[in-house]
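The numbers here are math on the coordinates, done by the rules we state, and not lab data. What you see is a predicted model; the values in this text were computed from it and never measured. Positions of Cβ are backbone-derived with ideal geometry, glycine not excepted, and every protein chain shown enters the neighbour counts.
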Amino acid sequence: DAVTVSGLADLIHVRLDHLQRVITNMGMGELHHDYMLTPEDTTAIVLEFDINPIITEDKGKDVQPRDLPDDMSEFPLRPPVVTIMGHVDHGKTTLLDTLRKSSIVDSEAGGITQHIGAFAVTLPSGQRATFLDTPGHAAFSNMRSRGAHMTDLVVLVVSADDGVMPQTAEAIEHARSADVPIIVAINKCDKPGANPQKIREGLLKYGVQVEDMGGDVQVVEISALKGTGIELLVENIVLLAEVLDLRAPTDGPVEAAIIESQSEKGRGLSASLLIQNGSLSVGDIIVAGQSYCRIRSMTNDLGKAVKIAEPGTPVSATGWKDLPEAGQTAIQVESESLAKEIIENRIGKAKQAETLKQIQAINAKRLVSHEEMSAEREAKRRYAQEVYRFYKGLRPDHPQEKDFVPTLRVLVKGDVSGTVEAVVDCLQALPQRFVHIDVVAHAVGPITESDIQRARGCTSESGKKSTSSNSSNVPGVHSDVVVIGFNVKADKKAQALAKSLDIPIETHRIIYRLLEDIRARMVAQLEPEY
Ligand code: GDP
């Protein structure tokens with residue numbers, strides 16, 4: 001929360017000497033560049049600036065995904081991208097493993113699967129489907145929250161020996177809110193107690209009406225463990241994809257979703273991408289978030305090097321300058337220098353946004369303390385009226401605590417402990433029917449800066465809570481806090497600080513005068529402050 005003077009200068013983009021001048025003009029003294037400002041100081045200072053636009057309007061260089069036509073029929077078909085969801089232990093991981101193995105069998109290379117966050121399964125007909133590798137809802141929501149619309153359809157795994165469980169329902173909800181169709185895979189049908197019919201009925205309650213129950217949601221009975229029904233499931237996926245008519249341009253600037261990224265020994269930084277539009281080639285330059293990549297190499301899900309990747313295909317790409325984040329969209333640009341410019345611009349914007357957020361937070365705090373303050377003033381005003389009515393005989397009983405009793409907070413410093421205690425006793429002996437006295441601290445020694453800081457911590461525009469800024473503290477006797485010195489003085493620094501913060505200091509040598517002064521301040525607590 002706390003920030004130095006030079007830190008604040010950076011934060012609000014003003015020159016340090018300019019900021020220091022403003023601070024001095026505000027009456028806060030000449031502060032060193034590494035002086036720690038309290039949040040309250042910061043608020044007050046930022047206020048001096050927030051009439052000036054701090055955030056520049058300059059748009060800078062950037063790149064956006066291209067606009068695609070509503071009618072995509074001119075573009076070629078692409079494979080569907082599938083996410084597997086369902087309740088824990090219903091067999092998502094097993095299904096993914098089985099699917100992955102089948103992809104090896106089908107591939108001409110027959111390599112070892114490479115974990116790149118997604119893999120493709122090819123049917124004997126040559127039709128393909130791409131599966132995202134991380135089951136689970138967090139991954140799905142996470143991607144979506146970052147704006148990635150990767151998934152074309154959801155395979156909802158429900159165990160035939162269990163039923164529709166909380167996460168099944170959650171998955172249905174996720175798919176619905178993403179407007180993605182569902183295919184139900186009733187799993188563990190190999191188990192003796194399996195009851196697929198019960199699952200069909202259970203899903204009805206959640207508005208999922210499967211085909212053989214009169215609805216239009218496809219359902220396949222499978223055993224992920226034994227591999228039964230898997231090919232049928234993939235066929236159903238491809239069939240639904242045909243209905244969805246998933247198409248993408250294979251030319252033009254590439255857009256790809258970052259599935260995951262990692263730093264690997266020997267390979268450097270790499271990221272898995274799902275190509276969405278265009279065809280990505282080695283040598284291309286893509287920008288994702290605040291990082292960019294000149295594609296050095298690409299490998300597919302079988303660990304095979306590829307030179308080009310088309311829509312719907314996952315690849316792992318090396319050549320990143322920084323790690324991109326999952327869910328970000330990578331977009332192709334013409335040159336490395338443009339990529340650098342875009343990133344510089346994005347970093348600058350992110351910093352500005354952060355600054356704006358901080359200033360807004362500070363301002364929000366300020367607003368709250370203002371509201372609290374006016375409520376306090378209102379309560380004080382009403383209370384003073386009641387005291388007045390009591391004295392005039394218009395009110396039989398004197399105002400009670402619940403009517404709000406103002407408090408005068410006192411810090412006592414003195415030359416020796418005996419006198420300090422005597423002063424405190426005298427203060428506490430003062431009649432406090434209408435105004436309380438709260439001795440917040442007492443100690444031996446001169447009045448120092450830390451006493452003033454302490455006193456400021458007590459200034460309260462809200463009566464009970466002793467927080468908040470006193471930027472609008474009314475100077476003089478209205479202050480609800482006072483620092484008193486008995487036979488001691490305040491040092492220079494303390495005086496300067498007290499002056500800038502409007503914290504009154506009173507030094508006395510005669511106890512009678514001291515009490516007079518306090519009594520006057522107590523009475524002042526009853527006077528409306530405007
Ligand atoms: P996840 O939590 O949804 O990923 O579930 P897992 O894939 O980890 O499976 C949970 C348990 O169910 C494991 O012990 C699997 O071996 C078992 N399992 C998964 N699919 C089947 C299936 O089709 N038949 C049987 N009998 N067991 C299965």
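Brief remarks follow.
- The largest-to-smallest principal axis extents of the Cα set in the stretch 223-262 are 42, 34, 12 Å.
- 509, 454 arranged by Cβ crowding within 10 Å, fewest neighbours leading: 509, 454
- Rg to Rh quotient for the stretch 487-530, alpha carbon positions, Kirkwood Rh: 1.05
- Exposure proxy ranking, count of Cβ atoms within 10 Å, fewest first, for 74, 260: 74, 260
- Average Cα contact separation per residue, the stretch 157-297, under 8 Å, 6 or more apart, as relative contact order %: 15 percent
- Each of 265, 380 has some number of other Cβ atoms within 10 Å of its Cβ, and from fewest to most they run 265, 380.
- Derived scalar couplings ³J(HN,Hα) [the stretch 445-457; Karplus, 6.51 cos²θ - 1.76 cosθ + 1.60; whole Hz; x for Gly, Pro]: x, x, 7, 10, 4, 5, 5, 5, 4, 4, 5, 5, x
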